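**Student:** Okay, here's the structure, questions in a sec.
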Amino acid sequence: MEAANCSLRVNRLLLDPKFESYKLSLDPLPCYGVELDAAVAEVKLRDDQYTLDHMRAYGMYNYLHSDPWSSDSVFYVDQLGRIMNINVTLDTALGKPVEVFRFPCDVASCDRRLCSSMHFTSPDWVTLSDGTGTLYLIHIAKNNQSAAVKWELKFNQELGDPFIVLHSIVYAQGEEQHVDALLLSIEKDELDVQGSGFHVSLEWLSIACSSDKCEILKRRKLHGKSVPHYAAIEPDGNGLTIISYRPFRFIVDEENQPEEERMEEEEKKEPLYIWQQTAEDVTLTFPLPNGITKEHIKICFTPDHISISLKEPEPFLKGQLYSGIDHESSTWLIKDERSVEVTLAKRDVGCMWAEVIVGDKQGEFVADPAQCAAIAEQLMHLTSEDLNPNPDCEKPPCNAQELEECDMSLEDSTTLCRFDGNTMKATHVVNLGGNQFLFSLVATPAMMPCFSLRHDVDALLWQPVPSQGDNLWEHAATFNALGYVQASKQDKKFFTCAPNFAYAALCECVRRIFIYRQPTPVSTVLYNRKEGRHVGQVAKQQVASLESSEPILGFQASNERLFVLTTKKLFVIRVNTAG
């Protein structure tokens, strides 16, 4: 069965077309710091980890972890191999970090290790990696007499190459509990002679846990050519959702894999057609086989389909177009008797296509150099350091038309894909086109993590709901103009929002944190001079600057606080008061 092509349904009630801009607020943000006993176990990239995927997976790793079931409780791993916890109840009386677990072996002595990683599977389970290739399952035993908790090691096993834990879930299966974990590694790929020489591996592991033992039941692997922006298992273990720039596929039999990949390389070398686009039209060009003349070519246009036949009755290329066309204005011609050029007039002028025919991978997009130069020029004004644009100047703070143009070449083939847990085949695919991935976070601990995408100028937050067969992804919240604003932050490293969506926060590589609050009613009367109307609510932007020049290694948000981790210090920024 082929995967269904879906789309994300935007809830118009959650959009604010009249949003103007964020107003810079100089209200102070209380900031407190805790010195760490030992430095964070940061692992720098090695010389053989030189690709963009290595940088995205390991170089930009978030070393600070939060327990979504316990608000304001954060964890990190230090250079002594200890997992340390800080649980904040009162900002002004921050206690020292407390050790909850220690890796049994000396991980620092391993030459080829990755950073240690963890995921909070449930209120009682944690899935851990020491960065050397060993997986740990921890059971959290809560002590009713005090706030202290004890981490008990229930299972550990060497799995092979080092990996990081992306996601994990736990569910009941009869008398047993099953823990499923998703592990990521970047592996050398000898067959990839034209690419980076690596592929990305996602391993989906199922572990059965009874009262006396745990054992691995199933190991499934997917391979892809880019680090996923988002990857999460459904709460019942029946499916997997991946957002990635390049598609992932299930590896059925590792012995057959080289042949498949060789075939893939062959396909890549010889595209069936190449295509380009402008704001007004899409041009598709394919070579003309020997012996084929104008009389043999039959090209049919409809408002949303195309069919091309060359002599044979069976079409050489056909299918549903990415977007509607003006079929009466669309044309084709033979160039130099060697190729055919088909020009499709876009019905929706300015809409940038991610592909020509929905689901067709036989074509190759070729960017127009002049167009790329124009895009680069338009991007320049987005990198202004001006925190509070003057609303009276000619260029408005958020210009959707410019944004669409400057976005058209970014992430143009990113897809959101849902895989069935039994067949490991894709069941639903959403082509995200220019809807750039921004961040993910856990809003409701029992559900899958949310993901944020850029839609025009806004950042929209989506909550996966696998139980809803007709609408797998629900529009949960909107951060007005944040898609536009974040583009100007050249040094951004981490991006997140509060679990209750009250604010979004972005931190740079060093020192600065930007906070964007949702619009709130104002007590005083404000007047918009330009439009001559009262302003009922205002969205504030605040900037916090840490008293540290150390690189920021970790970043987490609760409803009340922001946590920022550097090598030797944890900063706690009070953003909201409880309630």
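**Student:** So with the 1.4 Å probe, I'd like the accessible area per residue for the stretch 433-512, rounded to whole Å².
**Tutor:** The answer is 30 Å² per residue.
**Student:** Express the relative contact order of the stretch 274-370 as a whole percentage, based on alpha carbon pairs under 8 Å and six or more residues apart in sequence.
**Tutor:** Answer for the stretch 274-370 is 34 percent.
**Student:** Given that compact globular proteins tend to follow 2.2 N^0.38 Å, what is the ratio of the alpha-carbon Rg of the stretch 153-206 to that value?
**Tutor:** Its radius of gyration relative to the 2.2 N^0.38 Å reference: 1.50.
**Student:** Would you work out the relative contact order for the stretch 7-147, in percent, from Cα pairs under 8 angstrom that are 6 or more residues apart?
**Tutor:** 16 percent
**Student:** Given H placed on each backbone N at 1.01 Å, which residues far from W332 in sequence or on other chains put an amide H within less than 5 Å of it?
**Tutor:** Residues meeting the amide H criterion: T343.
**Student:** For T92 and M55, calculate 0.36 nm times their separation in residues minus their Cα-Cα distance, and state this gained length in nm to one decimal.
**Tutor:** 9.7 nm
**Student:** Further question on the same structure: Run the numbers for S488 and Q468: contour at 0.36 nm per residue of separation, minus the present Cα-Cα distance, in nm.
**Tutor:** 3.5 nm
**Student:** What FRET efficiency would be calculated for the residue pair A172, D16, taking the C-beta separation as r and a Förster radius of 41 Å, to the nearest 0.05?
**Tutor:** Efficiency for this residue pair is about 0.45.
**Student:** Just want to confirm a number: the relative contact order over the stretch 80-228, from Cα pairs under 8 angstrom separated by 6+ residues, in percent.
**Tutor:** Reported relative contact order: 14 percent.
**Student:** Going highest first, how would you order 222-230, 6-14 by mean Cβ packing within 10 Å?
**Tutor:** Per-residue Cβ counts within 10 Å, averaged per peptide and sorted highest first, yield 222-230, 6-14.
**Student:** Take the Cβ-Cβ distance between E550 and S71 as r, set R0 to 35 Å, and report the resulting FRET efficiency rounded to the nearest 0.05.
**Tutor:** 0.85
**Student:** Still on this structure: Largest first and in whole Å, give the semi-axes of the stretch 57-138's equivalent ellipsoid, each being the square root of 5 times a Cα gyration tensor eigenvalue.
**Tutor:** Semi-axes from the Cα gyration tensor: 23, 14, 12 Å.
**Student:** Multiply the residue separation of A446 and C509 by 0.36 nm, subtract the distance between their alpha-carbon atoms, and state the gained length in nm to one decimal.
**Tutor:** 19.6 nm
**Student:** Which stretch or stretches of the stretch 217-256 have amide N atoms under 14 Å from the point lying 7 Å from T423's Cα along the Cα→Cβ direction?
**Tutor:** Residues 239-240, 250 fall inside that zone.
**Student:** Additional query: In square angstrom, rounded to the nearest 10, how much accessible surface does D470 have for a 1.4 Å probe?
**Tutor:** Accessible area, nearest 10 Å²: 120 Å².
**Student:** Applying the Karplus parametrisation 6.51 cos²θ - 1.76 cosθ + 1.60 with θ = phi - 60° to the phi angles of the stretch 220-227, what ³J(HN,Hα) value in whole Hz is obtained for each residue in order, glycine and proline being reported as x?
**Tutor:** 10, 10, 10, 10, x, 10, 8, 5
**Student:** Need one number: nm distance between label points at A141 and S211, each 7 Å from Cα along Cα→Cβ, rounded to one decimal.
**Tutor:** For A141 paired with S211, the spin-label model returns 1.5 nm.
**Student:** Quick one: 3J(HN,Hα) in Hz for the stretch 414-419, Karplus 6.51/-1.76/1.60 with θ = phi - 60°, rounded, Gly and Pro as x.
**Tutor:** 5, 10, 9, 10, 10, 9
The values are calculated or read from the model by the stated rules, or taken from the named source; none is laboratory data. Keep in mind that this is a model prediction, so the values were computed, not measured. Cβ: placed from backbone, ideal geometry, glycine included. Neighbour counts: every protein chain shown. The protein model used for the area step is the full one, side chains on, heavy atoms only, and it has no ligands, DNA or RNA in it. Shrake-Rupley method; radii C 1.70, N 1.55, O 1.52, S 1.80 Å.
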